[in-house]
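> Next up is a structure, given as structure tokens.
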Amino acid sequence: MTAILQISDTHIVPEGAVVSGKLDTADTLARLVERIGSIRHQIGPIDALLVSGDLSDDGSAGSYARFRSLIAPLDLPVCVVPGNHDAREPMRAAFAYDLPETGALNWSRQFGDIRLIGLDTLVEGQGAGFLSRDSLGFLESALLQADGAPVLLALHHPPFACGIAFMDKIGLTNKEALEEILAGYSGVLRLVCGHIHSLMISDISGHVAMSSPSPCSTFAYDRRSDAPVGYMIENDGCLLHTWDKRFQSIRIGPVAGTGPFPF
Ligand SMILES: [Fe+2]
């Protein structure tokens, strides 16, 4: 079995800072890392950690250094795609061992049976995402190379509307181009993303598409056009995606329940 752990939207800031004057995002990530550590013996080997964007809240070098030290206890290979809060060059520098030296932060890696592909949707200075011609071309060749193998495709911005108006305004602006490419992939493919700080399951071109919760905050599922704009303080967990003849994805919550109790 191949297992990829997905953590998203950690919004880390440099030591001594908090987000929006009140969110201690380093503390929530540290607690999630501890929680995962406490159940590793139950869930078995994990092949890699995928981080689906907004690692940092402010794009600073200090935030990436802090992020790396917070996830170090997991002791896993780390694959990252940028979100709208990230900054491409500081992020490239922090993960230089794994990211291309120039251009978009696109990559393709093999872990066990899974071909893990990461796409860069960041447009610096704006919230919405966009897949450049280069990134779309990268995806086409990565899928050709995958040659029908199981693919886990990661990007920050969901290629589906979530129903929360202020988030959909900053969604992926050219999702049609992605749909067209994915429609041509004959193997099993699962798309995973972040951005909306909620677990949501949808589809794209016949493939499952799902977003990860965030350890630090979420957005109210308020579909009214005049819904208040803002975040909710709610700590959630992460996702574990496994492949054993088929994909399965399970949410790992931020805290353990009590038990197990005999039936
Ligand atoms: Fe985010």
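> Does segment 156-263 come out rounded, prolate or oblate, given a ≥ b ≥ c as the square roots of the eigenvalues of its C-alpha gyration tensor, rounded meaning a/c under 1.5 and, failing that, prolate meaning a/b above b/c?
oblate
> For a label point 7 Å from the Cα of residue 124 along Cα→C-beta, name the residues of segment 43-80 whose backbone N is under 18 Å from it.
53-65
> Would you mind telling me the antiparallel percentage of the DSSP bridges in the chain, rounded to 5?
Numbers: 23 of 45 bridges.
If we restrict to bridges inside the chain, about 50 percent are antiparallel.
> Separate question: With the chain treated as a Gaussian network of Cα nodes joined by springs under 10 Å, which of 51, 229, 151 yields the largest mean-square fluctuation?
Taking springs between Cα atoms under 10 Å, the residue moving most is 229.
> In addition: Can you pull out the trypsin sites (Lys or Arg not before Pro) in segment 203-263 that DSSP calls coil and that have at most 15 other Cβ atoms within 10 Å? Let's see the in-between values first.
Values: sites: 223, 224, 245, 246, 251; in loops: 223, 224, 245, 246.
Passing sites in segment 203-263 are 223, 224, 245, 246.
> Per residue, how much accessible surface does segment 2-252 expose to a 1.4 Å probe? Answer in Å², no decimals.
It amounts to 42 Å² per residue over segment 2-252.
> Also, quick follow-up: Which FRET efficiency value, to the nearest 0.05, do you get for residue 248 and residue 140 by plugging their Cβ-Cβ distance into 1/(1 + (r/R0)^6) with R0 = 35 Å? Could the numbers behind the result be given before it?
Working: r = 27 Å, r/R0 = 0.78.
It comes out at approximately 0.80.
> How large is the convex hull of the C-alpha atoms of segment 47-148 per residue, in Å³?
Here the figure is 95 Å³ per residue.
> For residue 175, list the aspartates and glutamates whose Cα falls under 16 Å from its own Cα; do not include residues on the same chain fewer than 8 positions away.
120, 134, 140, 203
> Which of 177, 154, 61 moves the most in a Gaussian network model of the chain with Cα springs under 10 Å?
177
> Could you give the semi-axes, largest first, of the ellipsoid that matches segment 198-251, computed as the square roots of 5 times the alpha carbon gyration tensor eigenvalues and rounded to whole Å?
Taking √(5λ) for each eigenvalue gives 27, 16, 5 Å, largest first.
> Taking R0 as 41 Å, what FRET efficiency do you get between residue 220 and residue 110 from their Cβ-Cβ distance, rounded to the nearest 0.05?
0.55
> In the Gaussian network model of the chain, springs joining C-alpha atoms below 10 Å, which of 241, 157, 195 carries the largest mean-square fluctuation?
Taking springs between Cα atoms under 10 Å, the residue moving most is 241.
> Mean Kyte-Doolittle of at least -0.5 and a Cα length of 18 Å or more along the axis: which whole DSSP H helices of the chain meet both? Intermediate values should be presented prior to the final figure.
Numbers: long enough: 25-43 (26 Å, -0.05); 133-146 (20 Å, 0.33).
Sorted by number, the helices that extend far enough and score high enough are 25-43, 133-146.
> Here is a follow-up. Restricting attention to the alpha-carbon atoms of the chain, what are Rg (one decimal) and Dmax (integer), both in Å?
Every Cα atom of the chain included, Rg and Dmax give 17.4, 57 Å.
The values are calculated or read from the model by the stated rules, or taken from the named source; none is laboratory data. A quick note: this is a predicted structure, and the numbers were derived from the prediction, not measured. Please note: Cβ atoms are built from the backbone with ideal geometry, for glycine as well, and neighbour counts cover all protein chains shown. These accessible areas exclude ligands, DNA and RNA; they are computed on the full protein's heavy atoms, side chains included. Shrake-Rupley method; radii C 1.70, N 1.55, O 1.52, S 1.80 Å.
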